[in-house]
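Here the structure comes first, spelled out in structure tokens, and everything after it is commentary.
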Amino acid sequence: MSVVDPVIELARGLGRTLSSMFERPVTYQYPEQKRPVRPRFRGRHELLRYENGLEKCIGCSLCAAACPADAIFVEAAENTDEARFSPGERYASTYEINMLRCIFCGFCEDACPTEAIVLGDQYELSFSNRREAIYTKEMLLPPVRTQAQTTPRQTPPGIFTRSVPEMKDAHDD
Ligand code: SF4
Ligand code: SF4
């Protein structure tokens, strides 16, 4: 090694530093700026509603059966025309996902016959104790757009007669 070699290496290093100062920054200023997720990203679950506000979940527990991590707990109850939550025969009176167990595999989404449970693009999941890691139905359901769309609600008799509803988006009002 000659005496000029360290000087050359130093100059190369400084040159690299200088050139990077003029490159486009790749850093996102999180949380003000959020990086868009990929189309197939699997984030926090949502328990969807139809456009008319009724819940898509019919409490069948197929998602819980498909879950390899045993992270989902579903308890079903009967709908009536006086107090209807979903267009099916039953609805989920309790729906919980334990996020400490979930491995975001998407099996629950694939198993659901009404496309009620989906993994969305929300990735900001944080909790400071085990209780907070259990996401309840109220946390997973999206808000209704108007007060008239809230559940439970009264519906005309004879419209919702199937145990598994056929519609993509129900319109009963
Ligand atoms: S994403 Fe996978 S692990 Fe998580 S709740 Fe659904 S089936 Fe279970
Ligand atoms: S989310 Fe889907 S699979 Fe799970 S209980 Fe509800 S309807 Fe059944």
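So the values come out like this:
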quantity: DSSP-loop trypsin sites (Lys or Arg not before Pro) across region 100-143, with at most 13 other Cβ within 10 angstrom; calculated: ARG130
quantity: Cross-link partners of LYS168 among lysines (Cα-Cα below 16 Å; sequence separation of 8 or more within a chain); calculated: LYS56
quantity: Gaussian network model of the chain, springs between alpha carbon atoms under 10 Å - residue of LEU47, LEU14, LEU62 with greatest fluctuation; calculated: LEU14
quantity: 222 nm mean residue ellipticity, helices alone, for the chain (DSSP H n ≥ 4; -39,500 (n - 2.57); rounded to 500); calculated: -4500 deg cm²/dmol
quantity: Inter-probe distance in nm under a simple model that places probes 7 Å from Cα toward Cβ, at THR161 and ASP70; calculated: 4.2
quantity: Amide proton proximity set for ARG84, modelled H, under 5 Å, gap of 5+; calculated: ARG153, GLN154, THR155
quantity: In Hz, Karplus ³J(HN,Hα) per residue of region 33-47 (6.51, -1.76, 1.60; θ = phi - 60°; x = Gly, Pro); calculated: 10, 10, 6, x, 8, 6, x, 9, 4, 10, x, 4, 6, 10, 9
quantity: Nearest-ten-degree value, helix 5-20 long axis tilted from longest Cα axis of the chain; calculated: 40
quantity: SER20-MET1 pseudo-label distance in nm [points 7 Å out on the Cα-to-Cβ vector]; calculated: 2.2
quantity: Backbone HN-Hα couplings from phi across region 80-91 [Karplus 6.51/-1.76/1.60, Hz, Gly and Pro as x]; calculated: 10, 5, 7, 9, 10, 9, 10, x, x, 5, 10, 9
quantity: Region 69-115: GluC sites (Glu not before Pro) falling in loop per DSSP and having at most 12 other Cβ within 10 Å; calculated: GLU82, GLU115
quantity: Cα pair distances exceeding 23 angstrom across the chain, given as percent; calculated: 54
quantity: Selected from THR114, THR161, LEU100, residue furthest toward positive end of dipole (the chain; charges at beta carbon); calculated: LEU100
quantity: Per the chain, cysteines lacking a partner by the 4.7 Å Cβ criterion; calculated: CYS57, CYS60, CYS67, CYS102, CYS105, CYS112
quantity: Placed amide H near SER93: partners under 5 Å, 5+ positions off or other chain; calculated: GLU75, ALA76, ALA77
quantity: 5 angstrom amide H check on GLY53, placed H, neighbours 5+ away; calculated: none
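Readers should treat all values here as calculations from the given coordinates under stated rules, not as data from a laboratory. Every value quoted in this text rests on a predicted model; they were computed, and no experiment measured them. Please note: Cβ atoms are built from the backbone with ideal geometry, for glycine as well, and neighbour counts cover all protein chains shown.
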